[in-house]
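Asker: Here it is, the structure in full.
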Amino acid sequence: HTPDNPNQESPFDRAIVQVVHGQEVSIVSPYIGAKYLRRMIGMSHSWRLVSDVLEWLSATPVQERDTVYAFLKEHDGLVHHYPAIHAKTVVSSAGAYTGSANLTDAGVLRRTEFGVLITDPVQVQEIQQWFDAIWAQTSPPPLQSVLELIDELNRISRIATQFGDLRATQLE
């Protein structure tokens, strides 16, 4: 998006839709919004996701963490955990999108970000091979461990609220 018009149609969303529509899709992102993820996978033929599940849950608001758990349970085996992955990439035979935008409504639809749509078949294949190598090295997160992580994150969040409003000063 351009800084002076962040409400325009999202070029990132257009690129992602082009990549996922009717395709077998490979997704990498540590920061994902359940609503945007469901939209992407709803357009795809099939999908797989590599994420840092700890980061995903840490960045998810407390009231939405159970939704992430339900998603992981519903799609057990389609999400692999890769600690410390920070890439945001969506790839299929139709192309690859990669960029700075988190795969959330805010990241893709509203924030000023940078991304690239790649359609060269050789480059797309290279990105798919990268994904496949990561997929082969990882596995789904154990669901019991995810529940324990959510409990711990929620406990930390409750403690943090006892310290009041700790928001940083805004810059204009």
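The values are calculated or read from the model by the stated rules, or taken from the named source; none is laboratory data. None of these values were measured; they are calculated from a predicted model. Using ideal geometry, Cβ is built from the backbone for each residue, glycine included, and neighbour counts are taken over all protein chains shown. Surface accessibility is based on the protein's heavy atoms, side chains included, excluding ligands, DNA and RNA. Shrake-Rupley method; radii C 1.70, N 1.55, O 1.52, S 1.80 Å.
Asker: Distance from a point 7 Å along Cα→Cβ of Met43 to each backbone N in the stretch 63-94: keep the residues under 15 Å and list them by number.
Answerer: From the stretch 63-94, the list is 89-94.
Asker: A further question follows. To the nearest 20 Debye, how big is the dipole of the stretch 66-171 about its Cα centre, given +1 on the beta carbon of each Lys and Arg and -1 on that of each Asp and Glu?
Answerer: 340
Asker: With the cut-off at 1.5 for a/c, could you classify the stretch 16-95 from its C-alpha gyration tensor as rounded, prolate or oblate?
Answerer: prolate
Asker: Could you tell me which residue out of Thr112, Asn102, Ile41 lies farthest along the dipole of the chain toward its positive end? Charges go on the beta carbon: Lys and Arg +1, Asp and Glu -1, centred on the Cα centre.
Answerer: Ile41
Asker: Nearest 5 percent is fine: what portion of the DSSP beta bridges confined to the chain is antiparallel?
Answerer: Around 60 percent of the beta bridges assigned by DSSP in the chain are antiparallel ones.
Asker: OK, next. Quick query: amide H of Trp47 versus all other amide H atoms, modeled in the peptide plane; which residues come in under 5 Å with a sequence gap of 5 or more or a different chain?
Answerer: Amide H to amide H, under 5 Å and 5 or more residues apart or across chains, Trp47 pairs with Val25.
Asker: When all protein chains stay in place, what accessible area (Å², nearest 10, 1.4 Å probe) is found for Phe114?
Answerer: 140
Asker: Using only the heavy atoms of the protein chains and a 1.4 Å probe, how would Asp105, Asp52, Asp151 rank by accessible area, largest first?
Answerer: Asp151, Asp105, Asp52
Asker: Which one is right for this structure if Kirkwood radius over Cα pairs in Å is calculated from it: (1) 19.7; (2) 17.0; (3) 22.5?
Answerer: (2)
Asker: Tell me, what ³J(HN,Hα) does each residue in the stretch 107-120 have, in order and in whole Hz, if you take phi through Karplus 6.51 cos²θ - 1.76 cosθ + 1.60 with θ = phi - 60° and put x for Gly and Pro?
Answerer: These are the phi-based 3J(HN,Hα) values: x, 8, 9, 10, 8, 7, 9, 10, x, 9, 9, 10, 10, 4 Hz.
Asker: Given a 1.4 Å probe, how much area per residue of the chain is accessible, in Å²?
Answerer: Values: 9740 Å² over 172 residues.
Per-residue value: 57 Å².
Asker: Extending each Cα 7 Å along its Cβ direction at Ser145 and Gln162, get the distance between those two points in nm, one decimal.
Answerer: Each label point is offset 7 Å from its Cα along the Cβ direction, giving 2.9 nm.
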